[in-house]
Amino acid sequence: MNEDLVSGGIYSDLLNQFEIILDSDPLIDEVGFIHPSQFATLNAEAGSSLTTSDSNSLQCIDVANQENASFWVRDHKLGISTHVLLPLYKAAKHAFMSALVQHKVLENPLETSGDKSNLLQFSSSCNSIESKVMRHSRALILLSCDFGTAWNSRKLIVSKQQHMSTFIDELLFSGLVLSYSPKSEQAWCHRRWVIKMIAQKCSALEEIVRKESELVEQIAEV
């Protein structure tokens, strides 16, 4: 595949569209891969129950009605066309690896100036690159759930930030991966690690364990 198409062409645009969808609906709780022939059926089913007040559904239908549709989103469910899986994966991998290289450079600077303005600029650059790594790793993992480097990069950044909200987001994200790949070893390992980190910071571990048990039961019933 032409590298220019991956890094700056139509496949980059495809990745951008995918990531915008993920950003716009953080409550997506199920992912599926759909043959292009199924989009018409999904649109028909969605249209029969669509109301004019349901702006979120209207937006999703617009996405799915595009010619050669790539994505379908409604009621926090995301469908990805099997037709775009390979180019989307390659674009996500390229973007992630590029961001990861930048992150490693910032994590190991050759020189560190004590000037306050330089330190602030350096901190801002780190935050920006970390956001890119998290964003692109999310897309990549959803397309290749056992991509260990992507999971490890998330673990590195999350452990550095030590924000409870970020740990909760990681639980939700790993749950999303398990919605379509319930046997993903990387997703389960990441989830166990997140729970251990939360246990060190939060006394309400019983509630987390209860929800975890419910998730396991739901997956076992599938």
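At full extension, residue 33 and residue 125 could sit 29.6 nm farther apart than now, given 0.36 nm per residue minus the alpha carbon distance.
Using the average count of surrounding beta-carbon atoms within 10 Å as a protection proxy, the listed peptides 97-103, 37-43 rank, highest first, as 97-103, 37-43. Cβ crowding within 10 Å, taken as a proxy for footprinting-reagent exposure, orders 174, 81, 153, 159 from fewest neighbours to most as 159, 81, 153, 174.
For the pair residue 172 and residue 17, the difference between a 0.36 nm per residue extended length and the Cα-Cα distance amounts to 53.7 nm.
With the simple model of a label 7 Å out from the Cα in the direction of the Cβ, residue 75 to residue 219 spans 2.4 nm. Computed packing ranks the peptides 139-148, 163-172 as 139-148, 163-172, most packed first, by mean other Cβ atoms within 10 Å.
Taking label positions 7 Å along the Cα-Cβ direction at both residue 165 and residue 101, the computed distance is 3.3 nm, reported to one decimal.
Every number here is computed from the coordinates shown, using simple stated rules; none is lab data. These numbers were taken from a predicted model, which means no experiment stands behind them. Ideal geometry is used to build each Cβ from the backbone, glycine not excepted, and the neighbour counts take in all protein chains shown.
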